[in-house]
Amino acid sequence: MRRLDNIDLRLLRVFVTLAEAGGFADAQIILNLSSSTLSTHLAALERIVGGQLCERGRAGFRLTDFGQAT
């Protein structure tokens, strides 16, 4: 089993905040991070866990089934 490190915990915190906030706008304020930084962190976490956690874009923000299970 892979050990979590500080980077992984930061990425998880970003994901949880995004999920609880329901999208990027409120998460940006809560975490004091830019949208591009949030997106980069989320993409890194998705690479680690091996799946897409949410759908994001002009159509809005929504957790995928995988993201809800995670």
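The values are calculated or read from the model by the stated rules, or taken from the named source; none is laboratory data. What you see is a predicted model; the values in this text were computed from it and never measured. Quick reminder, even Gly has a Cβ in these numbers, built from the backbone with ideal geometry, and neighbours come from all protein chains shown. Heads up: the accessible areas ignore ligands, DNA and RNA and are worked out on the full protein's heavy atoms, side chains in. Shrake-Rupley method; radii C 1.70, N 1.55, O 1.52, S 1.80 Å.
Restricting GLN68, GLN28 to residues that are out of contact with any Leu (no Cβ under 8 Å at 6 or more places or on another chain), open to solvent by 40 Å² or more (accessible area, probe 1.4 Å) and of a type outside the set (Phe, Trp, Tyr) narrows the list to GLN68. Restricting to region 10-50, what's the tally of residues that are under 14 Å from THR70 (Cα atoms) and assigned to a helix (DSSP H, G or I)? Residues that pass the stated criteria total 16. Residues in region 32-60 that are in contact (Cβ under 8 Å) with a residue 12 or more places away in the chain and either hydroxyl-bearing (Ser, Thr, Tyr) or open to solvent by 50 Å² or more (accessible area, probe 1.4 Å) (or both) were compared, and the one that is farthest from ILE7 (Cα to Cα) is ARG56.
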